[in-house]
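Written out below as structure tokens is the structure these notes cover.
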Amino acid sequence: MIAEVIVDIPSINTDKVFDYVARPDSKVGQRVVVPFGGRILDGYILRLKDSSDIPTEKLKSLGQAREEFSVLLPEFLVLNEKMKSYFHLRNIDCIRLFVPAQLRNGSVHSLTIKLLSVNDKFDKQGLIASSRKNAIKFCALVDYLEKDKQYDVAMLNKQFGSSCVKKLVDMGVVDVVEQEKLRSPSVSARQDNLVELTADQQKVVADILSSKEGMHLLFGVTGSGKTEVYMHIIAEVVSKGKSAILLVPEISLTPQVLSIFRARFGDTVAILHSGLSNGERFDEWKRIRFGQAKIVIGARSAIFAPVSDVGVIILDEEHDPSYQADSNPRFITHIVAKFRGEYNHCPVIFGSATPALSTFNLAENGDITEHRLPNRVNNKPMPHIEIVNMCDEMLMGNTGLFSERLKEELKRVVDEKNQAMLFLNRRGFSSYLICRECGYVPKCEDCDVSLVYHKEDNLLKCHYCSNRYKAFKECPKCGSSYIRLGASGTQKVVEELHSFLPEVTILRMDFDTTKNRGDLVNLLDKFANTKPCILVGTQMIAKGHDFPAVTLVGIVDADVSLHVSDYKATERTFQLITQVAGRAGRSSLEGKVILQTYTPNHYVYRYVSNYDYLGFFDREKNLREVAQFPPFSKLVRILITSVDEEKAVQITRQFYESIAEFKTEHEDEFLYCKAMSAPVKRIERKFRYQIICRYKLKEEKLITDYLFSLVDKSGDTDVKVFIEVNPSNLS
Ligand code: ADP
Ligand code: ZN
Ligand code: ZN
């Protein structure tokens, strides 16, 4: 038998199947050791066949299988083909997504424990006679073991002394068996409160379950009980013996959320998130692979969980940018979910209070079935959003971060011993420093960006690489001590808050305060248990959190995400603000939102403050349609990077000329095509150039395929070429 194998080398030159002589027990999907070009590498068997075009005597033979079982389920071999052609990935890029890193790099080993049990042939009288002075101790241990058969040796050592345990093992009185112990992340259980679904919820559950397959949009306002809908659908699916995948943005994988699922579904839930140790992650994967866990909850990469017979796939907060992988291998989770849904003939659900424009557009066109939950479960109105014009504050002489209104409301919250959240989507203290006398702005040595000032550790940090520099009081260029700060970040918000509310507990949640495992959990715990309290944070605080005592949300600078050169900027702003606003007034307490902006007349704020998603959608869709931006066209970026700027420019030029030539034959289809340096011209010493093409949908497959084939020609050099379709990040 011949095996078709993909070898684990990430290179375009080796991205094809190689034939090997299989072993008699070789299985499709197995990870195997293969000799390759004088080296010994890992490979994956994609297919077994009877013969090869190459004479058998010229073929090498497969080495040992790494595991007895197939690492890749049959479904993943199909998924590999689909993903490869849709996202233009190499085989090995896909396979690496399917196989946990812990397995691939052998960094984690299975944990085994020793279990003791009393031997069948054990004779108590004989033991007493032969052991005299130790008899009582021995008998106690034997009695203990006989009661419940098997015990972990470590526990017995503690209780009876290791020498006693060892002697009995040596005497053959007790048997030792080794058993694998799966490390499962601990999740505090909580009381499950089974609720009765509202009529709206019931209808959604019934409609989706009866549809069997296809894609669905669950468009439900924040607090409309989408999670409860998911849980009912999952329960139904699992009761039929099938499995389920629920994806949520990483930051929403809070202990709160996980414990709700554990309480309802018990051990059949596997959890995959970045807070797990390597061992836990590996063992959760195994529990899924071998069917012990039927429900998988995790962030983006959990879409590749090796569950078989999938009955439903859910993407909660489907508009979240994290569903789009923007480093290699680049893929869009929605599309992968669609592929898996098709393979398993099961429904795929996208849920959100603010669906991505592209998703909602598909629903309008009837490509996705839409379901709505227009009201909050407890019929609480959405919190009132009050817009404050910061230009007016400036005219009145208030140059601080907080308007008078926001200060007033913050004081009220504190007096009432409730909680507030303050949102500013910029971390650090100030986005840059500038010398007032000579205009010097400190920049990263390796990246073409200015450094962010972090006052808490007195450092200037690059937010694109890990470089750090000492902050300064005097300009290193001219010695002046007049240093002006750039735009304020979360650290500055905390400092200003402290100065006018010195007694109140203030917590900060951003990338810098949640770097270590457990930080996030501790922060959320502390916030849940402190009143009054103010939580300051970046977009991290916008996601899914449910704190009943939050009666005020302050949006310190709503414009942060608005004035960036990205066609999705307005959409993103609408989504972020709606999500943050939804954190207020979730319980019986009334909520309020203060939104501070320098551009109060921007249309996005009108729609946002009326919670008018549909109105916003229509307007935004119209703009995109007229200007022919996605989803009404395709936007592709070819990114070319190299430490050698000349080479990067040369390749960029070469590609551009080819595209220009191709374009002459398809002039009507192209809307835009330009080559330029990327907005961030250098990251980690690599120069970055880009070609951006926008073209009509009519011939999009033809053009996209052409661009794919073009970048393939670049081969493997020190110039890296990436191609991105409708990228979410154009920096
Ligand atoms: P969403 O995900 O749509 O923002 P959640 O699923 O978090 O909303 O629900 C908001 C709150 O309402 C939660 O505390 C949830 O337990 C509760 N809830 C959901 N459905 C019901 C129901 N049918 N009856 C009572 N409470 C419910
Ligand atoms: Zn200076
Ligand atoms: Zn840098």
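Quick check: from the Cα gyration tensor, does the chain come out rounded (a/c under 1.5), prolate or oblate?
Values: a/c = 1.65, a/b = 1.24, b/c = 1.33.
Oblate, because a/c is 1.5 or more while a/b does not exceed b/c.
Loop only per DSSP, at most 16 neighbouring Cβ atoms within 10 Å: give me the GluC sites (Glu not before Pro) in region 190-256, ordered by residue number.
When the GluC sites (Glu not before Pro) of region 190-256 are filtered for loop state and at most 16 Cβ neighbours within 10 Å, Glu196, Glu213 remain.
What relative contact order, as a whole-number percentage, does region 634-725 give when Cα pairs under 8 Å and 6 or more residues apart are counted?
Averaging sequence separation for qualifying contacts and normalising by length gives 47 percent for region 634-725.
What is the distance in Å between the Cα centroid of region 320-381 and that of region 451-525?
A separation of 36 Å, based on Cα centres.
Once you sort the root eigenvalues of the Cα gyration tensor of region 435-528 as a ≥ b ≥ c, which label holds: rounded (a/c under 1.5), prolate (a/b larger than b/c) or oblate (the other case)?
Values: a/c = 3.32, a/b = 1.59, b/c = 2.09.
Because a/c hits 1.5 or more and a/b fails to exceed b/c, region 435-528 counts as oblate.
Could you tell me which trypsin sites (Lys or Arg not before Pro) in region 514-551 are loop residues by DSSP with no more than 13 other beta carbons within 10 angstrom of their beta carbon?
Counting only loop positions with at most 13 other Cβ atoms within 10 Å, the trypsin sites (Lys or Arg not before Pro) in region 514-551 are Lys515, Arg517.
What does the net charge come to around Asp267 if you take all other residues with beta carbon closer than 13 Å to its beta carbon, with K and R at +1 and D and E at -1?
So the environment of Asp267 carries a net charge of +2.
How high is the relative contact order of region 112-180? Use alpha-carbon pairs under 8 Å, at least six apart in sequence, and give a whole percent.
57
For region 51-177, with only Lys/Arg (+1) and Asp/Glu (-1) charged at the beta-carbon, what is the dipole magnitude about the Cα centre, in debye rounded to 20?
Working: 19 positive and 15 negative charges, 111 e Å.
In debye, rounded to 20, region 51-177 gives about 540.
Suppose a student asked you for the relative contact order of the chain, using Cα pairs under 8 Å spaced at least 6 residues apart; what percent would you report?
10
Mind sorting Arg340, Arg637, Arg104 by how few other Cβ atoms lie within 10 Å of their own Cβ, fewest first?
Arg104, Arg637, Arg340
So what's the gap between the Cα centers of region 43-73 and region 578-600, to the nearest angstrom?
Centre-to-centre distance over Cα atoms comes out at 59 Å.
Take the Cβ-Cβ distance between Gln292 and Leu614 as r, set R0 to 56 Å, and report the resulting FRET efficiency rounded to the nearest 0.05. Spell out each step's value before the answer.
Values: r = 44 Å, r/R0 = 0.78.
Computed FRET efficiency for Gln292 and Leu614 comes out at 0.80.
Assigning unit charges at the beta carbon (Lys, Arg +1; Asp, Glu -1) and nothing else, what dipole magnitude in debye, to the nearest 20, does the chain show about its Cα centre?
1760
Dipole of region 634-725, Cα-centred, from +1 at each Lys and Arg C-beta and -1 at each Asp and Glu C-beta, to the nearest 20 debye? Write down the numbers at each step before the final one.
On the way: 17 positive and 17 negative charges, 96 e Å.
Dipole of region 634-725, to the nearest 20 debye: 460 debye.
Do me a favour and compute the ellipsoid semi-axes for region 1-129 from its Cα gyration tensor, root of five times each eigenvalue, largest one first, whole Å.
On the way: eigenvalues 324, 74, 37 Å².
Rounded to whole Å, the semi-axes are 40, 19, 14.
In what order do His384, His319, His334 fall by count of nearby beta-carbon atoms within 10 Å, going from fewest to most? Don't jump to the answer; show the numbers that get you there.
On the way: His384 14, His319 25, His334 21.
So the ranking, lowest neighbour count to highest, is His384, His334, His319.
If I model a spin label at Lys681 and Arg517 as a point 7 Å from the Cα along the Cα→Cβ vector, what separation in nanometres do I get?
Result: 4.2 nm between the two label points.
So which lysines pass the test for Lys58, namely a Cα distance under 29 Å, with those fewer than 8 places away in the same chain ruled out?
Hits, sequence-local ones excluded: Lys16, Lys27, Lys49.
Tell me, in nm to one decimal, what length is gained between Asn389 and Ile128 on full extension, where the rule is 0.36 nm per residue of separation less the Cα-Cα distance? It would help to have the intermediate numbers written out before the result.
Details: separation 261, 0.36 × 261 = 93.96 nm, distance 8.89 nm.
Length difference between fully extended and current span is 85.1 nm.
As a check on your grasp of the helix formula, calculate [θ] at 222 nm for the chain: sum -39500 (n - 2.57) over DSSP H runs of n ≥ 4, divide by the residue count, round to the nearest 500.
About -10000 deg cm²/dmol.
Charges on Cβ only, +1 for Lys and Arg, -1 for Asp and Glu, centred on the Cα centroid of region 563-628; of Val604, Gly585, Asn622, which one is farthest towards the dipole's positive end?
Checked the options; the winner is Gly585.
Choose one of Gly486, Val449, Phe429: the residue whose Cα lies farthest towards the positive end of the charge dipole of region 406-508 (beta-carbon charges +1 Lys, Arg; -1 Asp, Glu; about the Cα centre).
Most positive-ward Cα: Val449.
Under 11 Å from the Cβ of Ser561, count the other residues' Cβ atoms, weight Lys and Arg +1, Asp and Glu -1, and hand me the total.
Around Ser561, the surrounding residues sum to -1.
Compute the length gained on full extension between Thr530 and Lys203: take 0.36 nm times their separation in residues and subtract their Cα-Cα distance, giving the result in nm to one decimal.
Extra length from Thr530 to Lys203 when fully extended: 113.9 nm.
Could you please report the charge total around Glu317, scoring K, R as +1 and D, E as -1 over all other residues with beta-carbon less than 12 angstrom from its beta-carbon?
-1
Compute the FRET efficiency between Asp712 and Ser587 as 1/(1 + (r/R0)^6), taking r as their Cβ-Cβ distance and R0 = 56 Å, and round to the nearest 0.05.
Plugging the Cβ-Cβ distance into 1/(1 + (r/R0)^6) gives 0.50.
Between Ser163 and Asp457, what is the spin-label point distance in nm, taking each point 7 Å from the Cα along the Cα→C-beta axis?
For Ser163 paired with Asp457, the spin-label model returns 5.1 nm.
With a/c under 1.5 counting as rounded, go ahead and sort region 212-373 into rounded, prolate or oblate using the C-alpha gyration tensor (a ≥ b ≥ c being the square roots of the eigenvalues; past the cut-off, prolate if a/b is larger than b/c, else oblate).
The shape class here is rounded.
Laboratory data are not the source of any read-out in this text; all were calculated from the coordinates shown. Note that the structure is a prediction, hence the values are computed from the model and not measured. Using ideal geometry, Cβ is built from the backbone for each residue, glycine included, and neighbour counts are taken over all protein chains shown.
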